[in-house]
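Let me give you the structure first, and then I'll get to my questions.
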């Protein structure tokens with residue numbers, strides 16, 4: 001019996017286009033599939049559900065309606081900033097998103113279209129094979145919000161593109177287009193904007209036709225590089241959530257809501 005069923009999720013859509021292939025679809029129509037508080041929790045636990053589902057061999061993660069995800073929605077951000085209980089829950093979920101994607105035994109493919117930010121970006125970049133459109137905008141938006149880049153960046157960006165480029169894009173919150181992301185090694189493949197999904201399905205078919213145990217063993221071995229960076233990630237995530245109680249986050253959030261440039265405090269207190 002399938003473990004992963006759509007009735008068990010509110011934010012995520014679940015599709016099974018063919019035997020062995022499970023599609024996990026980020027879905028928040030009209031809001032660029034931004035991640036809600038419910039979606040954040042579901043994105044953390046679904047990977048464990050997938051692991052227990054013997055009908056699933058390969059996973060495709062994508063967004064609904066031709067857009068991947070614009071990251072956490074403002075209500076989620078406001079809740080994290082204003083409520084200690086919400087902050088602690090979201091901190092645990094953010095950790096689980098990263099570690100559960102890494103530890104999921106099944107091979108994972110991500111198709112990024114349009115824009116990729118926040119929690120969606122975290123899950124997508126950590127997938128085994130990530131495909132983006134040439135003009136897909138990849139943004140780690142934490143610095144713009146006034147908090148440390150903690151969701152996934154410290155565990156994987158230096159390994160993918162080197163420390164110099166990781167610092168440049170993360171500390172300056174620069175937009176990375178899909179074509180440049182492939183050149184730097186942040187993603188696996190780039191495709192024409194209208195062929196991202198088709199390319200992702202081709203990759204999934206190749207994985208489905210492969211030796212399943214050998215693929216899983218290879219994934220497990222390679223992901224030990226990420227597991228070794230676990231303490232670095234844990235520290236970055238703790239510092240991110242520490243920042244949600246500070247003045248930089250308040251200004252970052254206010255400026256995003258007002259759609260203006262932020263005016264952060266001129267100095268750090270340490």
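For 85, 23, what ranking results if the residue with the fewest other Cβ atoms within 10 Å of its Cβ goes first?
Taking fewest neighbouring Cβ atoms as first place, the list is 85, 23.
Angle, helix 84-103 long axis vs. longest principal axis of the chain, Cα atoms, 0 to 90°, nearest 10?
That helix lies at roughly 40 degrees to the long axis.
For a Förster distance of 35 Å, can you work out the FRET efficiency between the beta-carbons of residue 134 and residue 84, rounded to the nearest 0.05?
The computed FRET efficiency comes out at 0.25.
In what sequence do 67, 175, 136 fall when counting other Cβ within 10 Å, fewest first?
175, 67, 136
To the nearest Å, what is the center-to-center distance of the range 142-169 and the range 70-141, using C-alpha atoms only?
Rounded to whole Å, the Cα centres lie 13 Å apart.
Treating the angle as unsigned and between 0 and 90°, give the value, to the nearest 10°, between the Cα long axis of helix 230-243 and the longest Cα principal axis of the chain.
Orientation of helix 230-243: about 40 degrees from the principal axis.
I've got another one for you. Highest GNM mean-square fluctuation, the chain, Cα pairs closer than 10 Å: which of 123, 258, 44?
Residue with maximal mean-square fluctuation among 123, 258, 44: 258.
Restricting to Cα atoms and excluding each atom paired with itself, what does the Kirkwood estimate give for the range 121-263 in Å?
Computed over the range 121-263, the radius equals 16.7 Å.
Please tell me the relative contact order of the range 151-266 in percent, rounded to the nearest whole number, where contacts are Cα pairs under 8 Å and at least six residues apart.
Computed over the range 151-266, the figure is 26 percent.
Using a Gaussian network for the chain with springs between C-alpha atoms less than 10 Å apart, which of these wobbles most: 207, 121, 61?
207
What is the projected area of the convex hull of the Cα atoms of the range 1-120, averaged over all directions, in nm²?
Reported value for the Cα convex hull: 7.1 nm².
If I stretch the segment between residue 223 and residue 267 completely, what's the gain in nm (0.36 nm per residue apart, minus their alpha carbon distance), one decimal?
Full extension from residue 223 to residue 267 adds 12.0 nm.
With the chain treated as a Gaussian network of Cα nodes joined by springs under 10 Å, which of 229, 132, 148 yields the largest mean-square fluctuation?
Sorting by GNM fluctuation, first place goes to 229.
Direction-averaged shadow area of the convex hull around the Cα atoms of the range 134-188, nm²?
The Cα convex hull of the range 134-188, projected and averaged over all directions, gives 3.4 nm².
Report relative contact order for the chain in percent, whole number only (criteria: Cα-Cα under 8 Å, sequence separation at least 6).
18 percent
Separate question: Counting other C-beta atoms within 10 Å, which of 91, 84, 47, 225 has the fewest, and how do the rest follow?
84, 225, 91, 47
Any idea what the relative contact order of the range 65-130 is, in percent, if you count C-alpha pairs under 8 Å spaced at least 6 apart?
48 percent
To continue, here is another question. Report, to the nearest 10°, how far helix 247-258 tilts away from the longest principal axis of the Cα atoms in the chain, using its own Cα long axis and a range of 0 to 90°.
70 degrees
Give me the Debye-computed log₁₀ of I(q)/I(0) at q = 0.07, 0.10, 0.14 Å⁻¹ for the chain, equal point scatterers on Cα only, no solvent, two decimals.
-0.23, -0.47, -0.95
Just so you know, all these numbers are worked out from the coordinates, no wet-lab data involved. What you see is a predicted model; the values in this text were computed from it and never measured. Note that each Cβ is placed from the backbone with ideal geometry, even for glycine, and that neighbours are counted across all protein chains shown.
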